1. Could we say that L238 is surrounded by fewer than 18 Cβ atoms within 10 Å (Cβ to Cβ), out of contact with any strand residue (DSSP E or B) (no Cβ under 9 Å at 6 or more places or on another chain) and either within 30 Å of Y151 (Cβ to Cβ) or modelled with pLDDT under 90 (or both) here?
2. Taking the conditions exactly as written (polar (S, T, N, Q) and either in the same structural domain as I549 (by TED's automatic domain parsing) or surrounded by fewer than 22 Cβ atoms within 10 Å (Cβ to Cβ) (or both)), does T322 satisfy them or not?
3. Assigned by TED's automatic domain parsing to the domain that holds I547, assigned to a helix (DSSP H, G or I) and at pLDDT 75 or above - does that describe any residue in region 509-525?
4. For the structure I just gave you, tell me whether V459 is within 13 Å of R382 (Cβ to Cβ) and within 30 Å of the chain's Cα centre (by Cα).
5. In the same structural domain as F538 (by TED's automatic domain parsing) and at pLDDT 90 or above, is that true of A365?
6. Across region 116-148, which residue is surrounded by the fewest Cβ atoms within 10 Å (Cβ to Cβ) among those that are under 20 Å from T236 (Cα atoms) and free of Cβ contacts under 8 Å to residues at least 40 places away in the same chain?
7. Just give me the residues in region 360-394 being under 23 Å from I515 (Cα atoms) and either buried (at least 24 other Cβ atoms within 10 Å of the Cβ) or under 15 Å from the mean Cα position of the chain (by Cα) (or both), in sequence order.
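The values are calculated or read from the model by the stated rules, or taken from the named source; none is laboratory data. The model shown is predicted, which means the values in this text are computed figures rather than measured ones. Neighbour counts are summed over all protein chains in view; Cβ atoms, including those assigned to glycine, are modelled from backbone coordinates with ideal geometry.
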Amino acid sequence: MTISNATVPRARRFSLRSRETPLDLTTRIAVVLVVLILGVLIVLPLVNILSSAVSEQGLAVFNSIFSSVNLQVLQNTVVLGVLVGAIGTVIGFLLAYVQVRLDFRGKKLLHLLALLPIVSPPFAVATAVITLFGRSGIITRDLLGITPTLYGLPGLTIVLSLSFFPAAYMNMLGLMRSLDPSLDEAAASIGANKWRTFVTVTLPMLVPGFASSFLLLFVEAIADLANPLVIGGDFTVLSSRAYIAITGEYNVGAGAAYSLVLLLPGLLVFLIQRYWATRKSVVSVTGKPAGRPAVITSIPARIVLLTLSGLLALLIVTIYATVIVGGFVKILGINNEFDLSHYRYVLSGIGSDAMITTTALALIATPIAGVLGLVIAWLITRKLRRGRALIDFLGMLGLAVPGTVLGIGYALTFNKPLGFGNVAILPALAGGGAVLGGAIAIVMVYVIRSSPSGQRSGVAALQQIDVAIDEASASLGASGVTTFRKVTLPLIRPALLSGLIYAFARSMTTLSPIIFITTPQTKIMTSQILSEVDAGRFGNAFAYCTILIVIVMSVIGLLNLFVRDSSVPKAAGLSSATIN
């Protein structure tokens, strides 16, 4: 009897799973440590949010969720998420399609420009858009003579779409590069023109990518806190409503209730994406596509596509040029005289403290997040047979839980000592006056928000390495830790690099989760940028943003040099930041 190629790996996996072997001591210790870390970093804060949400104040919010005020907040949140999801997905698809299906000069530059929002702070786009297109904007008022109102839904839609479209871009780019070119060739062989092939063949194959990108951007948009605080105006969404409930009304129960409502769509989208990813891995048995995608040669089509992508690239360049130039003039658009006072402020006093503290905490969290992600990946792909799905799910929760929800959970959990009775196991780590406590809480947030990247890239890398290599090491008497350190880790160095790069970039630019746990003694750059924007000191904010981008890009370059190896593929790098 002939066994198909698709059946052999399944039978082999079944035989491997059927041979249950006891875990060695080091693996058991690793499992216990991982479970404890995930329990403290993600499960405990979510439990505290749930317990606070069912308090009297929280239940009052649930009872009034369909009142006119709260219903308007819900409607605002959904409308914003839908608009950003649709527009961001279209932008990402356009740039990905141009990258895959067109040949032109400047292709790599366009790719880098499309990734730039990933390594920039959340306020860079918002402040630049206000400066350029607001009531007193350089382009709108000075050049066009109009005074539009950007605060509210229009401004949020523009800013969030430009900030989050890179996630859709990288998702669609990977999907389009994996399409089998023979499908287009088959359509052409039966007389279909390029447009009909695109509509009837290409687009249907990309439906999962469109859906996942839309859902991802939808969740990112409704969970974002930084931009609604800067450019939201009177347009209130769930994230800003939860922030106001805690910081303005001092109603912790109400803030937890709003956070719980915000948490549900995030978890739902996360579960849907996991289902799609599992389904895709089951049915994708055709192997790697042969050949190269057909290049668009039609002159009108090239003109339209290159014009649209060129306008988007010009907009991105204009926005970040505004950020850079704005830090070197007195008041951009009003007094354009060259001035270094903004950088003198940022590089001295509070600004210097914030820069040093943020970079130091991110550098501390980066290796922890990278190692934690890889250890979880190693356990679920190599060591565990039972419970690995649960550990995988818990490890990815840091990515699925919106930052605002996580920040409120940390404020509820770590604002007081943890322990049993009068015995404190953990001191208060957030919201108090202790420098060390605030710093530890921020590092914890950085770790749990960044480790899922290393976990996913580690799982992908380990699945490509034959398990026989580990078995050979074990047969020679090496323990699980020794095998991981001397055999597995060198083979998955690209995955480690991807995890480290994403962890540092994410840590440096995050705001939503840490705004609730920063202390007066622990200055963070993103929080300082928010203060400068709220005070109308855009020059200082531009200087902060520029320095932050320079720090992130410099450390990414150093990480590439430090972890560089001939086995590291060119794809490792900024593209790893697309998991979110």
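1. The answer is no for L238.
2. no
3. yes
4. For V459, the condition - within 13 Å of R382 (Cβ to Cβ) and within 30 Å of the chain's Cα centre (by Cα) - is met.
5. yes
6. P148
7. Matches in region 360-394: A362, A365, T366, A369.
Yes/no matrix, rows are residues, columns are (1) free of Cβ contacts under 8 Å to residues at least 40 places away in the same chain; (2) surrounded by fewer than 16 Cβ atoms within 10 Å (Cβ to Cβ); (3) of a type in the set (A, V, I, L, M, F, W, C); (4) in contact with a strand residue (DSSP E or B) (Cβ under 6 Å, 6 or more places away or on another chain):
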| residue | (1), (2), (3), (4) |
| --- | --- |
| S450 | no, no, no, no |
| P494 | no, no, no, no |
| A505 | no, no, yes, no |
| M508 | no, no, yes, no |
| P513 | no, no, no, no |
| F516 | no, no, yes, no |
| I524 | no, no, yes, no |
| E532 | yes, no, no, no |
| N540 | no, no, no, no |
